[in-house]
Amino acid sequence: MLDIHIRLTLQSSERSFRVDAAFRSGAHRTALLGASGSGKSTVLQAIAGLLPGVEGHVRVDGQTLLDSTQGIDRPARERGVGFVFQDYALFPHLTVHQNLCFGVRRLGRAPAPEAMERVEALMTQFDIESLHRAYPRHLSGGQRQRVALARALATAPRLLLLDEPLSALDTELRIRLRAELAQMLARVQVPTLLVTHDPQDVEALAQSAVRLDGGRVVAG
């Protein structure tokens with residue numbers, strides 16, 4: 001169960017944008033749908049703890065990650081959230097295996113044995129074992145997507161966040177990778193919230209949808 005209420009103001013020299021978005025979802029995969037500039041990615045980053053000055057609350061399966069009235073604001077590293085960015089944000093100087101291991105390292109020490117077992121299992125699950133020594137620049141779009149998703153899951157998150165995971169792709173590749181991503185998400189037993197502007201993504205990838213406009217929930 002997701003129970004979300006995000007309030008914050010984004011201020012620049014040219015404009016001010018207010019987000020006040022509240023929604024609940026009991027679906028395993030929920031889409032946050034809206035046009036560009038509606039505040040979707042801002043809400044996702046606020047849930048992950050990546051933005052300062054956020055008010056409201058974030059609760060995932062009864063666990064409170066943020067509650068401004070109670071003075072609770074867990075830092076991003078303690079929220080147990082896996083984040084797949086729009087451009088996948090793989091470290092270009094690290095191999096596929098090193099990218100997956102990065103998130104499970106403990107303050108410079110080697111990852112725990114169970115974490116390494118999880119990394120190896122994810123590489124098998126997402127069919128990227130043969131790429132373990134490859135660098136991101138040598139990967140196809142589909143391979144980068146699989147590596148980014150596996151890296152987000154390597155930390156055993158309580159919530160998976162996907163920020164426009166298909167928007168940077170051309171139409172033909174988008175169609176193919178949408179089907180591949182749908183299969184991967186169906187196998188992953190982690191509550192997922194994904195951001196998109198495309199209703200076809202919602203139909204293929206989500207079980208419920210929340211529509212955002214002007215920083216506010218207008219449906220869902």
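When the residues of the range 127-153 are narrowed to those that are under 13 Å from residue 90 (Cβ atoms), touching a residue at least 12 places away in the same chain (Cβ under 8 Å) and assigned to a loop (DSSP other than H, G, I, E, B), which ends up farthest from the chain's Cα centre (by Cα)?
Step by step, filter the range 127-153, then rank; the result is 134.
Could you tell me whether residue 124 is polar (S, T, N, Q) and either in the same structural domain as residue 40 (by TED's automatic domain parsing) or assigned to a loop (DSSP other than H, G, I, E, B) (or both)?
no
In the range 4-20, how many are more than 24 Å from residue 186 (Cβ to Cβ) and under 18 Å from the mean Cα position of the chain (by Cα)?
Qualifying residue count, the range 4-20: 2.
Inside the range 50-108, can you point out the residues that are in contact with an Asp or Glu (Cβ under 6 Å, 6 or more places away or on another chain) and either buried (at least 17 other Cβ atoms within 10 Å of the Cβ) or assigned by TED's automatic domain parsing to the domain that holds residue 196 (or both)?
57, 59, 66, 68, 85
Being at pLDDT 90 or above and in contact with a Ser or Thr (Cβ under 8 Å, 6 or more places away or on another chain) is the filter here; which residues of the range 206-220 pass it?
If the condition is that a residue be at pLDDT 90 or above and in contact with a Ser or Thr (Cβ under 8 Å, 6 or more places away or on another chain), then 206, 207, 208, 209, 210, 212, 213, 214, 215 are the ones that fit.
Inspect all residues belonging to the range 163-177 and state whether any of them is more than 19 Å from residue 59 (Cα to Cα), among the charged types (D, E, K, R) and assigned to a loop (DSSP other than H, G, I, E, B).
Yes, that holds for at least one residue.
Among the candidates 83, 23, which residue alone is in contact (Cβ under 8 Å) with a residue 60 or more places away in the chain, closer than 24 Å to residue 184 by Cα, hydrophobic (A, V, I, L, M, F, W, C) and in contact with a strand residue (DSSP E or B) (Cβ under 7 Å, 6 or more places away or on another chain)?
Going through 83, 23 in turn, the sole match is 83.
The values are calculated or read from the model by the stated rules, or taken from the named source; none is laboratory data. Predicted model, so just to flag it, every value in this text is computed and none were measured. Note that each Cβ is placed from the backbone with ideal geometry, even for glycine, and that neighbours are counted across all protein chains shown.
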